[in-house]
Structures are given as C-alpha cells and as structure tokens.
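The structure under discussion appears below in the form of structure tokens.
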Amino acid sequence: MKNPRLSSSINLKSDRLLGQENDASVEDRDRKYLNITRHTGQFLEVLIKASAVKRVLEIGTSNGYSTLWIASALPEDGHITTLEVSSFKVAQAQNNFKRAGLEHKIALVQADAMDFLESCDQLFDLVFLDADRSSYLQLAGRIVSLVRPGGLLVCDNAISHAEELDEFFCFINTSGEFTATTLPVGKGEFVACKNISQDTA
C-alpha cells in the first residue's frame, strides 16, 4: 500500500527544487512561485501538530508547496482551504496535490481574497498569509474575525519584508486581540495567537 506520508515527503523535496529552478529562470514575477523555505515548512508542521490544528485558511497558494506542508501535517480529519487568483498557479497546485495524494484534505479556491473573506463565516484554527503583501492591511479586519479564540495567525516574510508589512503588524499588535512575536525562521515568521476572552474561557 502506498504510504501517503512518504509520498508527500518526496513530493515536497521535488516541488521545492522545481520551485527554485522555476524562479531562477522566469523573469515575470507573476509566474514565479516564491515558495516558503523548507525551514518554514517544518516550522508550520510543528506548529500544527503542537496546537492540534484541524481547520486552516491559507491566503496565497502559489504552486501549492506550502499547502502540501500544511496538509501533510494535519490529522486525517483536518482540512485546509487555500486561495489563489492566478489560473496558471492553480493548475500547477492542482497537479501537485494530486501527485501527493492529499486532495482529500485540500479545498483550492480560485478567488480574490477579499471576495472570499467577505462571504466566509467559518472560524479557523490557523490562518497563513503568503500572498500580495500590499493587500494585507485591507484584509486585516476580516482576517482577525476569522481566527478562532486561541487560534493562530502566521505571516511569512516578516523579516525579509518587515518594512512593507509594518502597518499590518501594527494593526494586529494594537488590536488588543492577539499576543504576537516574530521568529527568525526562514524569511521570518510573524506568529500571533488570538486571545481568549473571559467570556469565552
């Protein structure tokens, strides 16, 4: 019988190398995958398992490399909804999910993030941001509302693009709803845990 864990591990290594080769050879930024680092993938895996995460929202699928790290770390009844606007990247991601045998854990939605967030009423254990950073501040209010109390918000590129993300981080840090820190993992990970109020404790 095929071992899905082994299969996804092999595909993660293959997809990482293919992503690096693609980004080195493509000039059009919209065709670059801009994947997370392997260390960031391992960090997400540990975070998901340690926090017993089951419901994940990812904003920015790209070719699905980060999605596969998350899906492979989820329990069998876990599920990730991942958003991507690029038809090119959606096609790449769908193929990668099928090869990894993890389609049953993944809902790939081709949609503008704001359109999806405005109509979404589900709470998530983890929201992972790795998309168009210039849109984060506009999305911030809806993102905050979709993280369950005690849930996590993780944002990639927190150190590599700290200045670009400063206003978004300031919004989260001053909202009074999160306890947050930035960790030197990969390109930097901003990790915020939504506070549990006395009313819901």
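A few comments on the model shown:
- Any hit, segment 80-90, residues being in contact (Cβ under 8 Å) with a residue 24 or more places away in the chain, under 21 Å from ALA192 (Cα atoms) and open to solvent by 70 Å² or more (accessible area, probe 1.4 Å): no
- Just one of (1) open to solvent by 70 Å² or more (accessible area, probe 1.4 Å); (2) more than 23 Å from ALA50 (Cβ to Cβ) fails for LEU108. It is (1).
- Listed by first and then second residue, the pairs with beta-carbon distance under 7 Å, at least 6 apart or on different chains, first residue in segment 47-58 and free of Cβ contacts under 8 Å to residues at least 40 places away in the same chain, second among the aliphatic types (A, V, I, L, M), are LYS49/ALA73.
- Candidates ALA71, ALA100, ALA24 - the one that is at negative phi, open to solvent by less than 10 Å² (accessible area, probe 1.4 Å) and at pLDDT below 95: ALA100
- Of all residues in segment 50-77, those satisfying the criterion of being farther than 16 Å from ASN157 by Cβ, in contact with a strand residue (DSSP E or B) (Cβ under 7 Å, 6 or more places away or on another chain) and not in a loop (DSSP other than H, G, I, E, B) are ARG55, VAL56, LEU57, THR67, ILE70, ALA71.
- Test: residue in segment 78-94 that is hydrophobic (A, V, I, L, M, F, W, C), modelled with pLDDT of 95 or more and closer than 22 Å to ARG148 by Cα: yes
- Positions within segment 72-109 being more than 15 Å from the chain's Cα centre (by Cα) and among the polar types (S, T, N, Q), in sequence order: SER86, SER87, GLN92, GLN94, ASN95, ASN96
The values are calculated or read from the model by the stated rules, or taken from the named source; none is laboratory data. Bear in mind the structure is a predicted one, so any value in this text is a computation, not a measurement. Virtual Cβ from ideal backbone geometry, glycine too; neighbours counted across all protein chains shown. Protein only, heavy atoms only, side chains kept; ligands, DNA and RNA dropped before computing areas. Shrake-Rupley method; radii C 1.70, N 1.55, O 1.52, S 1.80 Å.
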